[in-house]
Amino acid sequence: MSPPIVDVHTHVYPPAYMQMLRARRTVPYVHDPNNEDPRLIILSSDDDSSIPLDQRGRPVDSSYWDITVKLAFMRQHGINCSVISLANPWLDFIEPNEAQMWAERINDDLEATCAEANKAADPENALSLAQKETLFAMGALPLSSPTPNIVVAEIKRLKTLPHLRGVIMGTSGLGKGLDDARLDPIWEALQETDTLMFLHPHYGLPDEAFGGPGVTSRYGHVLPLALGFPLETTIAVTRMLLSGVFDRFPGLKVLLAHSGGTLPFLAGRIESCIHHERKFVSGGGDVPGPQRSIWDVLKTNIYLDAVVYGKPGLEAAIAASGSDRLLFGTDHPFFPPLDTKVSDWPSVTTNYKAINATFETIPDTVADVLGGNATRILNLK
Ligand code: URA
Ligand code: ZN
C-alpha cells in the first residue's frame, strides 16, 4: 500500500464566515450584489477605490466554502488526507465582544465537517465506496477578544474536539506582533497542550515597500503574494526569536507557511546580526539577545511546509530544519488554474515535481514529506 499523501496547508471559508464577509463593506469583505459573481477583497492593496468593485480583489467560487469541492480536488490530485484551516484574515478583525463566539462557531463547524467526511470515508460505512479522503483541522483563535484568557480557554477547548490538530494564526497576534509579551499565556497554553501553531501571513508589507499603491496593483497580486507574504512570515518569526519566545517556551511547535518565507535562507545572516549586536539597547534597556541559536530553534521548534514551488527553496528548508520536518501542502483553494479546462492544478503539480526532484534518489523521504511526517507530527492515524 502506498503511504498516504497529506495536505497540511489547505483552507476553507465556512459558509457562516462567507455570509459574514458578504455583509461587510470594509476589508475584509465580499462584493456580490447579484449573488452570482462574488469578489473577495481581503488584502489592503485590493481595496483600491480606483478599481471598480466588480473587478477588485479576486473571484471566489464554491471551492472556497463547499467541502465536497475540496474532497473532489483531493481525489483528483491523489491527496488522501487534508488538514483544513480557516483562510486569512481569520478572526483578526472581529469585534472583541464577538471573537469568542466566532471562534467557537468556526471551530465547531470544522470539527463537524471533519467528522462527517471521515464517517463517509469509514470502510464500515456503506458510503465509503464513494469517498475515501479524510479530513482533520486546525482551529482559529479569538485573538481580538478582550483578554488572552479567552484565547487560552479556546486552545484548551480545541483539545476536546477529536479532529482538531493545531491552530492557525496570523502575524499580528494580539495586534502588536508576535514579540508582544502579552502573548506569553497563549504560548504557554500552546506548549502545555502540545498544540502546533501554523503561522501564516496575511498583511504583507506596506505598499511603499513595492513603490507605492500604483506600482503594487500594476502587477496584480504578484508583489504582495510572492514577496510580501514570505517576508511577513520571516519578520514575525524573527521577532519571536529576538524577544526570547523560544527561550521562554522551548517546547513550542510552529509550522511556518511557505517553507518559512525566507527564514531558512536568511537564518545565517540573522544569527550573525544577533551575535554582532550581543545586547539590544533600544527601548532604554540592556536586554540580552536570544539565548538559543536560530539553528537549534529551526531543528527543534520549527516545521516547514513544502509550498515553495521549487528545488532551491526546498533545499534551503531541509538544510535548515531537516527533511523530517518538511510537510506537503497545496494552499488550496488559492492559486487555481487560469485555464478552467485544465483539471490538474499547476500550483499543485509544481510542488509535487519539486519534491520529487529534490529527493529523487531517496523515495522514502519523498513519502515522508508527502505524508509520513504529517501523519507522525499531527497524529493523524
Ligand atoms: N494564499 C493564502 O493562503 N491566502 C491568500 O490570500 C493568498 C494565497
Ligand atoms: Zn495559505
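We did not get these values from a lab; they are worked out from the coordinates using the rules stated. The shown structure was predicted, so the numbers you read here are calculated from the model rather than taken from an experiment. Quick reminder, even Gly has a Cβ in these numbers, built from the backbone with ideal geometry, and neighbours come from all protein chains shown.
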HN-Hα J in Hz across the stretch 318-330 - Karplus 6.51, -1.76, 1.60, θ = phi - 60°, x for Gly and Pro: 6, 5, 7, 10, x, 5, 7, 10, 10, 10, 4, x, 10
Over the stretch 308-381, relative contact order from alpha-carbon pairs under 8 Å, at least 6 apart, %: 39
Choice from 268, 313, 204 showing the highest fluctuation, given a GNM over the chain with Cα pairs closer than 10 Å: 268
Formal net charge of residues neighbouring residue 290 (Cβ-Cβ distance under 12 Å; K, R +1; D, E -1): 0
Distance in nm between pseudo-label sites at residue 19 and residue 311 (7 Å out along the Cβ direction from Cα): 5.0
The chain - charge dipole about Cα centre, Lys and Arg +1 at Cβ, Asp and Glu -1, debye rounded to 20: 440
5 angstrom amide H check on residue 198, placed H, neighbours 5+ away: 167, 168, 169, 255
Extension gain (nm, one decimal) between residue 130 and residue 215, 0.36 nm per residue minus Cα-Cα: 25.8 nm
Inter-site label distance for residue 76 and residue 54 at 7 Å from Cα along Cβ, in nm: 2.6
The stretch 54-121 - Debye-derived log10 I(q)/I(0), Cα point model, q = 0.11, 0.13 Å⁻¹: -0.36, -0.50
Mean-position separation - Cα centroids, the stretch 27-45 and the stretch 217-253, in angstrom: 26
FRET efficiency estimate (nearest 0.05) - Cβ-Cβ, residue 179 to residue 156, R0 35 angstrom: 0.90
Gyration tensor verdict on the stretch 198-341 (Cα atoms; rounded if a/c is under 1.5, prolate if a/b is larger than b/c, oblate otherwise): oblate
Candidate lysines for bridging to residue 381, where Cα separation is under 17 Å - those fewer than 8 sequence places away on the same chain excluded: 119, 132, 159
Contour excess over end-to-end distance, with Cα ends at residue 275 and residue 66 and 0.36 nm allotted per residue: 70.3 nm
Taking the stretch 153-220 and dividing mean pair separation by its residue count, relative contact order in percent (alpha carbons under 8 Å, at least six apart): 35
Where only alpha carbons of the stretch 16-91 are counted, the Rg and the Dmax (Å): 14.0, 44
Net charge of Cβ neighbours under 15 Å - reference residue 247; Lys, Arg +1; Asp, Glu -1: -1
Selected from 188, 111, 36 as most flexible by GNM, with the chain as the system and alpha-carbon contacts under 10 Å: 36
Relative contact order (%) - the chain, alpha-carbon pairs under 8 angstrom, separation at least six: 16
Cα gyration tensor category, rounded, prolate or oblate, for the stretch 124-251 with a/c compared to 1.5: oblate
Over the chain: Rg over Rh, Cα atoms, Kirkwood Rh: 0.95
Relative packing of 114-126, 139-151, 81-93, which averages over residues the other C-beta atoms within 10 Å, highest first: 81-93, 139-151, 114-126
Links that overshoot a 25 Å alpha carbon limit, given the list 70/353; 253/353; 70/311; 70/299; 176/311: 253/353; 70/311; 70/299; 176/311
In range of the label at residue 324: residues from the stretch 231-264 whose backbone nitrogen is under 18 Å from the point 7 Å along Cα→Cβ: 251-255
Share, in percent, of DSSP beta bridges within the chain that are antiparallel, nearest 5: 20
Gain in span if fully extended, residue 192 to residue 26, counting 0.36 nm per residue against the direct Cα distance: 56.0 nm
Environment charge at residue 214 (Cβ cut-off 10 Å; Lys +1, Arg +1, Asp -1, Glu -1): -1
